[in-house]
Each structure stands twice: as C-alpha cells, then as structure tokens.
Amino acid sequence: MTVDTDAPPTAPPAFGSADNLRQRARSVGMNPDYWYAVEEVRNVDPGSVTEVVFWKQSIALYRSEDGSFHAMENRCLHRQIKLSLGEVEGCRLVCGYHGWEYDEDGQVAEIPDLFGRKQAPRLSVRTYPVQVRYGLVWIFPGDPALTDERKIPEIPELEGPGRWACVPLTFDLSAHHSIIIDNVSDFSHAYLHRQYRPFDGATLTRHETIGDNVHLAYETRVGRGRISGLFVDHERLNTNHMELCYEYPYQRSDTDGEIKHWLFVLPIDERTTRTFFLFYFRSLKIPMLPVRIPRWAMTTVLRLANRMLIGPLLSQDRWAVEAEQTGYEHNWNAAPIEVNPVVRSFQQVTVRKWQEHLDQEEAAAKAIDA
C-alpha cells in the first residue's frame, strides 16, 4: 500500500484560530485597496490578452493594438466564458465564443447577431484602474476612489534619464504570501544560502512597527559570495548594515543607499503567490579592479547576474517557502515557534490589514441593507 504524504490530513480553519497568529496569517488575503503588480510589460504584446488573478478574482488584462493596457472582470456576460480566452481587436476585447465586444470601459459595444434587436443591450462588466511603471503592469483591485490616495511606491532611482539599471525577476510560487514576506526579511535563514552568501552573521539592531510598516535593520555582512562579492565595492560602501521595511503590502531593502531591492507580491490564493523582484544598484565594480562598471553596460550585467547568481539564489528561497507551505498544511495546528521577533510583527500587520478589509465589506453590506 502506498501513502500520499503530500496530501494534508485535514485543512486548517478558514481564518485560523483567534489565539494562533500564524494560522490567521496563513489564511488571509491582502487588502485590495492598493496597487498590485500583476505582469511584466514585456510579456504582454500589443493586441494580446492574458489572465491575471488577485486573490481568487480572475481579471482579463489586455493590451490594445495602440499599446495601452486595460483590465476588466474576466467573464463574458452572455455565457460566462473567460474573456481572456478571446482576442483583441483594436481597443476592444472580443469574447471567443459569440464575438461579443467590450470596450475599454467594460461596456458591451457590439453583439454580432442581435436576432432582430436594433441595438445591443446596455450591459457592462467591472473594470480596474491600470498603470505601467518600472517595467510592470499594475492593477488596483479595490475601491477606485482610493487610487490617488494609495499610490504605487516611488522609486526615483528607476525613473528619469539617470535611472539605475534594473531587470525584474518574476516567480510563481506555491506558497502563501505571508510565508514569502517572512522569508525575505528574516535573516535567520542564512544557512540556506551558504553557497551564495548574500548575507551572513546577521544581528537584529532595529525592529519597530509604525502604522502599517514594519521597520528593521541588521548588522550583517552583505554580498560576500565567492563570485558575487567580487562585483561589490566593499571598500567604498558600508556593506555591514542593511535597512529593511515591510511597507504593506510591499517589501524593500537598502544597503548604504547603493544596493537596493523591492519585492511586490500578487496574492492568488491560499497557496499560490506571484512575486516580482526588482534589484537595482547605483553601480558595481569590475572584479579585481577599483573601477566601476559603466552605466551603459549595467543592464547587460544584471541580465547575466539574474541568470547566473540572483535567479539561482532565489530558487533556494522558492524551495524553502514551498516546502514550508507543504509543512504547514500537514502541521497547521503545531505550536508556532519563532526566534526572530520581526516575523510576528509581519504577521500582525498582515492579519490586521485583512481584517480592516473585511470590516469595510461588512459595513458596506449593512449600508446597502439599511
């Protein structure tokens, strides 16, 4: 007899136990009233459509033939077929079943066969605000009235004529978004990266929650890998200190103002998350020489680094978070044991922000019923 050891014996509670923070953090979605990166611009050609998902909501993201991006609820009102299975004609999204056409505002603009009707009925699907920034396509899945208040993070180094080189890295991970946030800011897992040594010897020197942001800092040796360390100017930079922040729902780090990264997560469901990593550097040095790599060559260098160093490094994190997801599903009721206090702070913010969303939905429903 064979036993499927990958199948969890029982499922954890839908919103976890009230006295078990980890259970609650591993079950919640993310507050939709923020901008979320959903795809890289380079992956969506003009005249094409693709499906993206924000916390179980299927969204049709399409790019008009003029290059502009649009997003709408991913269903045709006629037979509920996914619009992402259709095609783009000009600035319209056309259902692949009966050819119903939707304009950029989600309105049914044309129905090929009306069976005697003089005009198409006034019907529409929900649309979502869309922006393009830093080589990524962003969607605001929440209340459109908040799009100006809740802005995409400002990264001045990645805009303008003097912008730093950056080549995004995208991963689809079989793990809950809270597991990934825990991983990227908890430096107690240096053992996992002993081959590449992006950091080691970490000592937590700052840890405080201010509003929706968890700020932390480590005294740690940054960029000490056998190969990667040759490109970092350790004599000029302070590579023994790193500042980090979980700036809900985003995460970032900064080493001496010259080695930085942002992580943008797209929560898909309880065990699936898409991640967008942006690593960017003011400059790197030519190995064995006190000479900086020219700015015009940095993009090429980063493409190679993503393939040979950063990508394999993050693949180790992929293995870890996906294994943790499986472990949690089998042992969800085990007592939480954490040695790094920042993890609990991340989970507290994540749970609180989701509860705020649920409270807002409940208040809105009561207002409608009143």
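Data overview
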quantity: Qualifying positions in region 193-219 - touching a residue at least 12 places away in the same chain (Cβ under 8 Å), touching a strand residue (DSSP E or B) at 6+ places or on another chain (Cβ under 9 Å) and not in a strand (DSSP E or B); calculated: H193, R197, P198, D212
quantity: Leading residue by the ranking (farthest from the chain's Cα centre (by Cα)) among those in region 220-264 that are modelled with pLDDT of 95 or more and not in a strand (DSSP E or B); calculated: Y248
quantity: Residues (closer than 19 Å to I155 by Cα and more than 26 Å from the chain's Cα centre (by Cα)) located in region 285-313; calculated: R295
quantity: Residues located in region 65-84, provided they are over 23 Å from the mean Cα position of the chain (by Cα) and under 17 Å from V108 (Cβ atoms); calculated: R75, C76, L77, H78, R79, Q80, I81, K82, L83
quantity: Residue identified as surrounded by 14 or more Cβ atoms within 10 Å (Cβ to Cβ), within 30 Å of K56 (Cα to Cα) and out of contact with any Lys or Arg (no Cβ under 8 Å at 6 or more places or on another chain) among I152, I181; calculated: I181
quantity: Answer from R75, R133, R63, R92 - the residue that is surrounded by 15 or more Cβ atoms within 10 Å (Cβ to Cβ) and touching a Pro at 6+ places or on another chain (Cβ under 7 Å); calculated: R63
quantity: Residue check, N331 over 25 Å from S253 (Cβ atoms) and in the same structural domain as L169 (by TED's automatic domain parsing); calculated: yes
quantity: Those residues of region 120-130 which are buried (at least 21 other Cβ atoms within 10 Å of the Cβ) and in contact with a Ser or Thr (Cβ under 7 Å, 6 or more places away or on another chain), in sequence order; calculated: none
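The values are calculated or read from the model by the stated rules, or taken from the named source; none is laboratory data. No experiment lies behind these values; they were computed from the predicted model shown. For neighbour counting, all protein chains shown are included, and Cβ atoms are generated from backbone atoms with ideal geometry for every residue, glycine included.
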